[in-house]
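Here's the structure we're looking at; comments come further down.
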């Protein structure tokens, strides 16, 4: 089986707050911005009642967030592929 080993994740998998691959992406309903749930919840908690979207500066509350199940599944599939590719690369190294 021929797999491509990704050196870096697709840009839309990256949380703009943590700059890491998201594990539980959520979308701000008003702006469409997507963040990792833990990161944006921490942001909102730290900002308090006057919290704003870190990218658009529009008001944001936890009730403004909705899960992005499709993106979450895409990220999970990408992570699984990375694991399979890593195992295949190790197998080639061992058997060579």
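The values are calculated or read from the model by the stated rules, or taken from the named source; none is laboratory data. Since the model is a prediction, treat every value here as computed from it, not as a measurement. FYI the Cβ positions are ideal-geometry reconstructions off the backbone, even for glycines, and counts take in every protein chain you see.
Please work out which residue is nearest to residue 23 (Cα to Cα), limiting yourself to segment 37-68 and to residues that are touching a strand residue (DSSP E or B) at 6+ places or on another chain (Cβ under 9 Å) and part of a helix (DSSP H, G or I).
Per the stated criteria, the residue is 37.
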Please find, within segment 4-34, the residue that is surrounded by the most Cβ atoms within 10 Å (Cβ to Cβ) out of those that are free of Cβ contacts under 8 Å to residues at least 24 places away in the same chain and outside any helix (DSSP H, G or I). 33
Looking at residue 46 and the list (1) surrounded by 11 or more Cβ atoms within 10 Å (Cβ to Cβ); (2) modelled with pLDDT of 95 or more, which single condition is not satisfied? (1)
Which number in (1) at pLDDT 90 or above; (2) part of a helix (DSSP H, G or I) marks the one condition that residue 86 misses? (1)
The number of residues in segment 50-78 that are farther than 18 Å from residue 37 by Cα and either touching a residue at least 60 places away in the same chain (Cβ under 8 Å) or surrounded by 14 or more Cβ atoms within 10 Å (Cβ to Cβ) (or both) is 1
